[in-house]
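To keep things clear, I will list the structure first and then write my remarks on it.
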Amino acid sequence: MSPIDSILGIHGLVVQAVKRAQDIHVWAKPRSRPACPRCAGEQLRIKATHHRTLKHTRQGNQLMVLHLSVPKCHCTACNRYFRHPFPGIRPRLRATEAYRLEVFEAHDGGVSQRKLTRTHRIGSATVERWYQSFVRQRVSELSGRTCPQVLGIDEHFFTRKRGYATTLVDLKNHKVFDVVLGRAEASLRSYLKRLPGREKVRVIVMDLSETYRAIARQYFPNAMIVADRFHVVRLVNQHFLKLWQQYDPEGRRNRGLLSLMRRHHWKLSSVQKDRLHQYLAQSPVLQTLYFAKQQLNGFLVLKAMKAKRARKLLPKFLALIRQFEQSPAKALAATLTSWLEPIVRMWRFSRSNGITEGFHTKMEMLSRRAYGFRNFENYRLRVLAQCGWNGVINRV
């Protein structure tokens, strides 16, 4: 291939002429005759020649327009007619795959449709259609997957009209497995029944949701349920703040004290500890609840623990819960008892649903950039293309 032929980047073309004006116009033709796609015969004759005009990449600020001579061939061996195929040029399209991919990557990187209509001289509907085409190509590569062994389940808000959606995340590979509309068992039943490989799921991480726990027990029979550490700690803090409101409504409104109460005691400085202890000394009941809460959080933040050490700590943890049962925080003790096994499994398991929450932030950004979604299937395609696919599109 000569240097002038290489400017196109399409194998098998010979450049006949180049004209530079407002755009770069390139006239090209095939270098040689192809073999018959049916019988691989080479006894061909040119029946006619068809001329195509295609947009093909940009050089600097100039658009390259390709004027292509496409022969219509006749195979005398099998009597088949066909047009000369070219890599990276699909039939009946007005742009090459390289140009379509260029528009897709620009729009995927944040360039608006309005700006692409000016720089690439195509309509906004064309930008959307090309983008959807490559997104479907990405999602089609994800079809046929089986459920991951380590699964994270959580909900996120979709729209006021459609309600919430459920996110399934592969926590091992940090990818979104799927997004399903709804969060109740009735709305997820048909999807979960035909979900491939759900019997291979070994661990499911979730918040303290009774709905998702019932779904996990019914549709993932071989999976262990592990509570999400962040939600458990947040539950403990919420119960403590409610009790604080009952004992001292005025102190509960103090933003400085609120910040100190929420944080772990071992992360406070000496000055902050002195200030907090002076306040707690005025209420012995609140002081007892605070230090019990801190001791409980000390158990909850443990992770990646050996089985032998977990067995030693379990009696102390159970004794602490029994103390909460005899205190004003008996509602918290009832919840912890109900979720005792998933909470204790946190000690042995290091992963959490923080990965899922991070994907929810990215989904919210996708929705904001699109000024909201009405069609859930379009939203699902965008999410899977952005958060569930880590390959590279085959370039032409």
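The values are calculated or read from the model by the stated rules, or taken from the named source; none is laboratory data. A quick note: this is a predicted structure, and the numbers were derived from the prediction, not measured. Methodologically, a virtual Cβ is constructed for each residue, glycine included, from the backbone with ideal geometry; neighbour enumeration extends over all protein chains shown. We work out accessible area using only protein heavy atoms, side chains counted, and drop any ligands, DNA or RNA first. Shrake-Rupley method; radii C 1.70, N 1.55, O 1.52, S 1.80 Å.
General remarks:
- Too-long pairs where the Cα-Cα distance tops 24 Å, listed order kept, from Lys175/Lys308; Lys293/Lys362; Lys29/Lys72; Lys273/Lys312; Lys172/Lys303; Lys172/Lys200: Lys175/Lys308; Lys293/Lys362; Lys273/Lys312
- Projecting the Cα atoms of Gly298, Ala331, Leu314 onto the dipole axis of the stretch 286-331, where Lys and Arg carry +1 and Asp and Glu carry -1 at the beta carbon, places Leu314 farthest toward the positive end.
- Against the empirical 2.2 N^0.38 Å (N residues), the stretch 170-322 has a Cα radius of gyration ratio of 1.36.
- Label selected from [x] 22.0; [y] 23.7; [z] 26.5, the criterion being Kirkwood radius over Cα pairs in Å as computed here: [z]
- Of the whole protein surface, Cys75 contributes about 0 Å² of accessible area at a 1.4 Å probe radius.
- Cα gyration tensor, the stretch 337-379 - rounded (a/c under 1.5), prolate or oblate: prolate
- For Ser190, the solvent-accessible surface computed with a 1.4 Å probe is close to 80 Å², ligands and nucleic acids excluded.
- Carbon and sulfur %, accessible surface of the stretch 144-223 computed with the full protein complex present, 1.4 Å: 46 percent
- Only helical runs count toward this figure. For the chain, summing -39,500 (n - 2.57) over DSSP H runs of n ≥ 4 and dividing by all residues gives -13500 deg cm²/dmol at 222 nm.
- Under a 5 Å amide H cut-off, with hydrogens placed 1.01 Å from N, Thr146 pairs with nothing among residues at least 5 apart or on other chains.
- Global dimensions of the stretch 97-187 from alpha-carbon coordinates: Rg and Dmax equal 17.1, 48 Å.
- Relative contact order for the chain, counting Cα pairs under 8 Å that sit 6 or more residues apart, in percent: 13 percent
- Accessible area per residue for the stretch 309-357, computed on protein heavy atoms with a 1.4 Å probe, is 55 Å².
- Percent carbon-and-sulfur accessible area, the stretch 296-396, ignoring ligands, DNA and RNA, probe 1.4 Å: 52 percent
- Amide H contacts of Val70 (H built 1.01 Å from N, under 5 Å, at least 5 apart or other chain): His50, His51, Arg52
- Taking a straight Cα-Cα cut-off under 21 Å and skipping sequence neighbours fewer than 8 places away in the same chain, the lysines within cross-link reach of Lys115 are Lys55.
- Size of charge dipole - the chain - debye, nearest 20, with Cβ of Lys, Arg +1 and Asp, Glu -1, no other charges: 720 debye
- Span from the the stretch 142-194 Cα centroid across to the the stretch 358-381 one, whole angstrom: 14 Å
- In order along the stretch 172-180, the phi-based Karplus estimate (6.51 cos²θ - 1.76 cosθ + 1.60, θ = phi - 60°) of 3J(HN,Hα) comes to 6, 9, 6, 9, 6, 7, 6, 10, 10 Hz; Gly and Pro are listed as x.
- Residue order by solvent-accessible surface for His11, His25, His74, His174 is His11, His174, His25, His74, largest first, with ligands and nucleic acids left out and a 1.4 Å probe.
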